[in-house]
Amino acid sequence: MSKKIIQVTDLHKSYGDFEAVKGISFTVFEGEIFGLLGPNGAGKSTTLEIIETLREKTSGEVWVDGLNLEKSPNEIKKIIGVQLQTSGFYPSLTLVELINLFSGLYNEKTDPLALLDKVNLRDKAKAKFKELSGGQKQRFSIATTLINQPKIIFLDEPTTGLDPQARRNLWDLIREIRNNGTTVIITTHYMDEAEVLCDRVAIIDSGKIISMNTPDKLIDELVASGFEKPKEVKQANLEDVFIHLTGKALREA
Ligand code: ADP
Ligand code: MG
């Protein structure tokens, strides 16, 4: 295995009397796509935002690429890329203007067109953010996480609300980013997505990690425990039908 890039140990977070994260520990290795899975309210975003230095933890220890969260938050900020909610972009600025704005904030020199190329949006360089489709907005927001050439990017539900074509397109983009050497931490509600995309996943429920492994091993464990699907398993599902009929090509203008 490659080196540890994130180490979280016994992380707790309370909001007033409510304990949202109840002693979470996990390790992320360099070059992984690591998934945090769990129902709404499980504590995924809270956990990510603590590692991203955007939220205070209540207790526990977090190390990011050898940097301690308490001692070196500013150094950590420099080596991570955080995806903003799409509502966080000025809607009337063009993509090039937004990239220049973010580059200024990060104090980085960026070639906007080269960056837009990476996410297949060069032809939208002069479009306003508000004119993009849902999938294009997500691709653009992922592009902005790359501006400071981060070692790790954090994607919180990047595919929620996208159609099947846009979702697959985003999977390709995320794999490409990882293949270029960036570690990816992602949350998702879609188990098919986690299964094809993530090297390892942690399943969080009510603030605790209840299981963690590769998707393949988790499935094997369940089967070994005697689990059987109640229905006869078909060779395809409705999403396969949909993609077969409508193709994989993106449907945005
Ligand atoms: P997830 O991302 O897994 O859906 P969150 O981390 O957003 O979960 O939230 C975990 C729990 O903490 C939820 O019950 C949520 O309502 C609560 N919570 C999140 N942020 C706050 C906050 N700022 N103040 C109080 N409670 C919060
Ligand atoms: Mg969340």
Could you tell me which residue of segment 45-54 is farthest from the chain's Cα centre (by Cα), considering only residues that are touching a residue at least 24 places away in the same chain (Cβ under 8 Å), open to solvent by 10 Å² or more (accessible area, probe 1.4 Å) and near ligand 1 (Cβ under 8 Å from one of its atoms)? Thr46
Within segment 203-219, residues in contact with a Lys or Arg (Cβ under 9 Å, 6 or more places away or on another chain) and under 29 Å from Phe18 (Cα atoms) come out as Ile204, Ser206, Gly207, Lys208, Met212, Asn213
Just wondering, is there one or more residues in segment 74-87 that are open to solvent by less than 40 Å² (accessible area, probe 1.4 Å), within 25 Å of Arg251 (Cβ to Cβ) and not acidic (Asp, Glu)? yes
Counting only residues in segment 14-33 that are in contact (Cβ under 8 Å) with a residue 60 or more places away in the chain and farther than 17 Å from Thr214 by Cα, the one nearest to ligand 1 (Cβ to nearest atom) is identified as Ala20
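Have a look at Leu113, Leu121 and point out the one that is more than 13 Å from Val82 (Cα to Cα), surrounded by fewer than 16 Cβ atoms within 10 Å (Cβ to Cβ) and hydrophobic (A, V, I, L, M, F, W, C). Explain how you work it out, then say what you get.
On the way: Leu121 fails: surrounded by fewer than 16 Cβ atoms within 10 Å (Cβ to Cβ).
One residue alone meets the criteria, Leu113.
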Write out, first by first residue and then by second, each pair whose Cβ atoms fall under 7 Å of each other, whose residues are 6+ apart or on separate chains, and whose first residue, in segment 150-162, is under 22 Å from Ala42 (Cα atoms) while the second is modelled with pLDDT under 95 and among the basic types (Lys, Arg). Thr159/Arg167
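Would you check which residues across segment 43-76 are β-branched (Val, Ile, Thr) and within 16 Å of ligand 2 (Cβ to nearest atom) and list them? Even if it seems obvious, please write down each step before you answer.
Initially, segment 43-76 is screened for residues β-branched (Val, Ile, Thr), giving 46-47, 50-51, 53, 58, 62, 64, 76.
Passing the criteria: Thr46, Thr47, Ile50, Ile51.
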Subset of segment 10-33, residues more than 16 Å from ligand 2 (Cβ to nearest atom), of a type in the set (A, V, I, L, M, F, W, C) and either open to solvent by less than 30 Å² (accessible area, probe 1.4 Å) or more than 20 Å from the chain's Cα centre (by Cα) (or both), comes to Phe26, Val28, Ile33
Look at Gly60 and say whether it is open to solvent by 20 Å² or more (accessible area, probe 1.4 Å), within 16 Å of ligand 1 (Cβ to nearest atom), at pLDDT 95 or above and closer than 25 Å to Pro215 by Cα. no
State which residue is farthest from ligand 1 (Cβ to nearest atom) when the search covers only segment 34-44 and only residues that are touching a strand residue (DSSP E or B) at 6+ places or on another chain (Cβ under 6 Å) and not basic (Lys, Arg). Phe34
Looking at (1) over 17 Å from Val82 (Cβ atoms); (2) within 16 Å of ligand 1 (Cβ to nearest atom), which one does Asn213 not meet, given that it meets all the others? (2)
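The values are calculated or read from the model by the stated rules, or taken from the named source; none is laboratory data. All values derive from a computational prediction rather than experimental measurement. With ideal geometry, Cβ positions are generated from the backbone for all residues, glycine too; neighbour counts draw on all protein chains shown. Calculation scope for accessible area: heavy atoms of the full protein, side chains included, ligands and nucleic acids excluded. Shrake-Rupley method; radii C 1.70, N 1.55, O 1.52, S 1.80 Å.
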